[in-house]
Amino acid sequence: MKEIGHWINGKHVPGTSGRFADVFNPATGEVQARVALASKAELDAATEAAAAAQVKWGATNPQRRARVMMEFVRLLNRDMQKLAEALSSEHGKTVPDAKGDIQRGLEVIEFCIGAPHLLKGEFTDSAGPGIDMYSMRQPIGVAAGITPFNFPAMIPMWKMGPALACGNAFILKPSERDPSVPMMLAELMQEAGLPDGVLQVINGDKESVDAILDNPQISGVGFVGSTPIAEYIYSRGTANGKRVQCFGGAKNHMIIMPDADMDLAADALVGAGYGAAGERCMAISVAVPVGDATADALIEKLIPRIEKLKVGPYTAGNDVDYGPVVTAAAKANILRLVESGVAQGAKLVVDGRNFALQGYEDGFFVGPHLFDHVTKDMDIYRKEIFGPVLSTVRAKTYEEALSLAMDHEYGNGTAIFTRDGDTARDFANRVNVGMIGINVPIPVPLAYHTFGGWKKSAFGDLNQHGPDAFRFYTRTKTITSRWPSGIKEGAAFNFKQMD
Ligand code: NAD
């Protein structure tokens with residue numbers, strides 16, 4: 001059985017805790033590897049080494065650090081196919097989708113090549129006589145990232161890229177469900193020229209996460225995952241005096257106005273609702289057609305599209321729309337929520353409950369589901385399902401549709417489909433959600449903008465990637481410098497005003 005340990009000081013190191021987790025192939029249900037779960041002692045030793053390595057890395061000029069990122073991008077492109085296949089085999093998503101996962105991470109690394117520019121401080125010449133004032137952005141020291149299973153390439157890169165480009169050392173604690181790609185990324189970083197010890201990958205579960213949160217040498221923590229864990233990490237990390245940003249769960253609404261192009265809306269919903277088996281924090285899980293005529297027309301267009309979806313293993317190549325979900329427990333949770341929807345009175349118009357795939361009976365496949373007549377009090381509306389289940393909530397008016405998105409506890413992404421610019425503008429201005437799509441179903445901002453939700457979808461300040469990441473992973477220092485000719489003129493005891 002393949003055993004995955006940790007990446008410490010530039011080497012693969014076996015775990016010493018004696019604890020392991022199984023890594024499945026979700027398409028077959030087989031255990032394909034076991035991953036070590038680090039103890040507090042292992043995490044603390046790796047952090048100590050990272051802190052030592054950071055001193056030189058932090059003092060390396062930003063252009064040289066950017067060159068490591070440049071080379072890393074080249075290596076990612078070189079190994080794209082290999083990385084994508086490893087990713088698919090542990091996560092279950094299709095190979096083209098796995099390449100998208102890697103690509104969206106790679107683009108953040110490309111943005112990080114601009115580190116020399118992004119790290120330039122501000123300068124005021126002659127803020128007073130002979131006085132200059134300037135600020136610099138200095139690394140925070142050792143930062144850590146705790147990442148989810150659903151984007152095992154993209155999110156580790158969103159975290160490590162900016163942190164390293166800013167001159168920090170970085171401890172990555174990836175998801176224990178699909179740990180291989182993060183380890184491969186660490187190998188590529190080394191090949192790209194990153195000094196040993198600056199990036200440590202520590203596999204683990206709650207024990208290593210708690211060790212991160214309690215380790216005084218770690219100054220900043222970035223987390224992505226479910227909301228209950230996000231809240232926990234935010235409170236424990238900040239209580240320990242760390243800078244913490246946590247991105248949590250989602251329930252993304254798509255509003256379909258009566259004037260929308262119904263074919264465009266139906267295609268968008270199918271891709272955004274069922275792509276990656278719905279295991280995306282930016283998946284659309286709630287369709288909100290405005291008016292019964294819109295709802296009827298939409299449902300009529302959705303049903304044949306959903307029934308045609310091809311569900312299968314990643315090895316089937318481009319012939320599959322989505323693959324299995326990540327674990328048997330995830331599958332059971334999705335099916336339990338589907339049953340609750342039926343029991344609570346929603347109408348299941350596409351029923352995927354009996355889905356089976358010949359030859360893959362033990363895989364974690366879930367057939368596509370579509371609910372109509374879902375109401376606000378139902379569990380399938382209130383909870384994040386994270387599976388191929390789309391709920392339709394019929395709204396009578398635009399205002400009712402808007403208030404559905406506004407009143408939901410999550411606020412990651414939302415979309416509106418309409419031909420009316422005024423409605424779209426009003427929606428974008430008023431809705432209390434972080435990322436908005438106008439006739440775009442999954443509005444994931446590109447690397448040079450920032451990514452982050454509102455309400456229970458994010459805790460802490462600043463967003464992921466883009467300029468915000470360079471703020472999160474640096475501390476500002478402001479210097480007031482005076483070089484007058486007559487500096488020895490005597491002490492001044494009043495609070496100085498700039499002349
Ligand atoms: P998860 O919360 O179960 O795990 C995330 C990380 O936290 C993992 O590294 C895991 O090992 C660790 N963890 C799990 N339980 C813990 C505990 N009790 N104490 C300490 N650490 C713990 O999330 P997941 O299932 O891997 O990912 C899916 C979730 O992530 C969904 O809710 C999804 O919406 C969310 N997500 C959010 C974003 C975003 O940017 N907002 C992006 C991707 C995924």
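The values are calculated or read from the model by the stated rules, or taken from the named source; none is laboratory data. Nothing here was measured: the structure is a model prediction, and the numbers come from that model. Neighbour counts run over all protein chains shown; Cβ positions are idealised from the backbone, glycine included.
Tabulated data for the structure shown
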read-out	value
Qualifying residue in segment 247-259 (condition: within 13 Å of the ligand (Cβ to nearest atom) and either at pLDDT below 95 or not in a loop (DSSP other than H, G, I, E, B) (or both))	yes
Those helices (runs of 4 or more DSSP H) lying entirely in segment 91-207 with at least 1 residues within 13 Å of the ligand (Cβ to nearest atom) and either aromatic (Phe, Trp, Tyr) or surrounded by fewer than 23 Cβ atoms within 10 Å (Cβ to Cβ) (or both)	95-112, 154-165
Residue list for segment 218-246, filter: β-branched (Val, Ile, Thr) and near the ligand (Cβ under 7 Å from one of its atoms)	Val224, Thr227, Ile229, Ile233
Residue satisfying all of: in segment 364-381; charged (D, E, K, R) and without any contact (Cβ under 8 Å) to a residue 40 or more places away in the chain; surrounded by the fewest Cβ atoms within 10 Å (Cβ to Cβ) among these	Asp377
Yes/no for Val31 being touching a residue at least 12 places away in the same chain (Cβ under 8 Å), β-branched (Val, Ile, Thr), outside any helix (DSSP H, G or I) and in contact with a Pro (Cβ under 6 Å, 6 or more places away or on another chain)	no
Some residue of segment 43-54 being part of a helix (DSSP H, G or I) and in contact with a Ser or Thr (Cβ under 9 Å, 6 or more places away or on another chain)	yes
Segment 36-61 residues that are at pLDDT below 95, paired with ones that are not aliphatic (A, V, I, L, M) (beta carbon under 6 Å, 6 or more apart)	none
Flag for Asn215 being within 16 Å of the ligand (Cβ to nearest atom), in contact (Cβ under 8 Å) with a residue 60 or more places away in the chain and surrounded by fewer than 24 Cβ atoms within 10 Å (Cβ to Cβ)	yes
Members of segment 456-465 that are at pLDDT 95 or above and either surrounded by fewer than 19 Cβ atoms within 10 Å (Cβ to Cβ) or away from the ligand (no atom under 13 Å from the Cβ) (or both)	Leu462
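For every residue, the table says whether it meets (1) over 20 Å from Tyr473 (Cβ atoms); (2) among the aliphatic types (A, V, I, L, M); (3) in contact with a His (Cβ under 9 Å, 6 or more places away or on another chain).
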site	(1), (2), (3)
Ala46	no, yes, yes
Ala50	no, yes, no
Ala59	no, yes, no
Arg74	yes, no, no
Met80	yes, yes, no
